[in-house]
Structures are given as structure tokens and as C-alpha cells.
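Following: one structure in C-alpha cells, then a few remarks.
The values are calculated or read from the model by the stated rules, or taken from the named source; none is laboratory data. Keep in mind that what you see is a predicted model, and the values were worked out from it rather than measured. Don't worry about glycine lacking a Cβ; one is built from the backbone with ideal geometry, like all the others, and counts go over all protein chains shown.
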Amino acid sequence: MLAPVLAWAKTAARYPRSADHMEAVLELSEPLVHWLAAAQPLLEEFLGWWIESPHAALEAHQVEYTRLFVARWGGIPVPLYASWYLDRETFRGAAAEVTAGFYEKWGLAWRETDLKAPPDHLAVELEFLEILCRDVLTAPREAAEVTLSALALWQEFRSSHFDRWVPCCAVAMGRHATLPVYKVLALTLTHLCEEDQAHEGHHP
């Protein structure tokens, strides 16, 4: 199941506000290194840095996150919004409304005030995929329609939306990231999309 990998990725894709956030990135990483071996040396590098100087590591990741994803003179190297890639470099474009529509199909009411991000932010989309995975995992055996519905929505969301922009985002992230957490996030996103294309229609 991809749910633990998606849980790690959605956490890494959010701004690291505190030491607790960075510790969560470490704590959630064990399933990731089993799924993506290339992540292990980078995460070990981050762990060593964190043990030696957590305050410096947190501050460096806050600076890197802002530089990569939020604000930089001359433009943001790696926007984390689907609209940027699908709607000609705009924010809160049609892609945001499309994404919210997918959430509503699964009974998830969109409330930006709760999540503090637009519906097409990478972290929010990853959380949606995580929810679909976990709903498949926890569905009762007799509720086969739940599993089939989740699989159908997973495939529709991936093919018509997520996989149309995330690979480009991952390439840009891999090119511009300098710290291990964001290098690993880029690798994770790339592997996620490549694996899904290689096993189209498989169980999430």
C-alpha cells in the first residue's frame, strides 16, 4: 500500500513550521526507504544533521522551502499548485476547481480556512490520494463497492489531473533543491508517477 509513502510526501510538501514537523518527516520515513531505496542515503544525511543541530536544520529547511516554493526574487523555481502547470502559469485557475470537484466526489467538503492552502496544492492532493488508499485498506470485505469506487476515483484523478502536472513539478524540484528532504520529495514524486504508469490500473 502506498498510504504511508503518501503520508510522508504530504508532510514533506508542507512548510516546516516547527521541530515537531521535521521529526514527523523522520518518523514517517521508514516505509518510504523500503519503497524507494534511493531515499535512504539522503534521509540518513538529514538524520545526522538533525541530531547534530536541530535548530540549524529546521531553519535551513524553512529558508529552502520558502526559496523553492513560496517566494524568491525573480520568480518561484517550483510552484506547488496544479494551476501553475495546467492553466498557463496562473494561481487558483480552473485546475483548482477541478481538484475540489474530485474531493467532493469522495464526500470531502473543501474548506480552505481549515487546510490553509488551495485545493490544488501538492500537499492537499497527496493527502487526498492517501485518504483513497486508506479507505481501500479499511473497507470491510463485504463492501467491495467501496474498494471499486476508490480505485476508479484514484485512476481518474491520477490520469486526468495529478499525473499531468506532478512529473514537471518533480523535475523542477530535483533541479533546484539543495537539501535532502526536498531531493527525496522530488525522487518520491517521480517514482510515484512512473510506478503508476508502469502498473496502470493496479491496486493503490
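Only one entry in 23, 64 is modelled with pLDDT of 95 or more, closer than 21 Å to residue 166 by Cα and either of a type in the set (Asp, Glu) or over 15 Å from the mean Cα position of the chain (by Cα) (or both), namely 64. Within the set of pairs 6+ apart or on separate chains, which have a first residue in segment 28-49 that is farther than 12 Å from residue 187 by Cβ, a second that is of a type in the set (Phe, Trp, Tyr) and assigned to a helix (DSSP H, G or I), and C-beta atoms under 8 Å apart? Here the result reads 28/8; 29/8; 31/8, each pair linking segment 28-49 to a residue that is of a type in the set (Phe, Trp, Tyr) and assigned to a helix (DSSP H, G or I). Taking segment 1-64 and the helices (runs of 4 or more DSSP H) fully enclosed by it, the elements with 3 or more residues that are more than 17 Å from residue 122 (Cα to Cα) and of a type in the set (A, V, I, L, M) are at 19-27, 39-52.
When residue 62 is tested against (1) closer than 25 Å to residue 129 by Cβ; (2) touching a Phe, Trp or Tyr at 6+ places or on another chain (Cβ under 9 Å); (3) touching a residue at least 40 places away in the same chain (Cβ under 8 Å), just one condition goes unmet, and that condition is (1).
Of all residues assigned to segment 136-152, none qualifies as being modelled with pLDDT of 95 or more and of a type in the set (Val, Ile, Thr). Looking at (1) of a type in the set (Val, Ile, Thr); (2) modelled with pLDDT under 95; (3) under 18 Å from the mean Cα position of the chain (by Cα), which is the only condition residue 90 fails? Looking at each condition in turn, residue 90 falls short on (3). Checking each residue in segment 1-51 for being of a type in the set (Val, Ile, Thr) and under 21 Å from residue 70 (Cβ atoms) picks out 11, 25.
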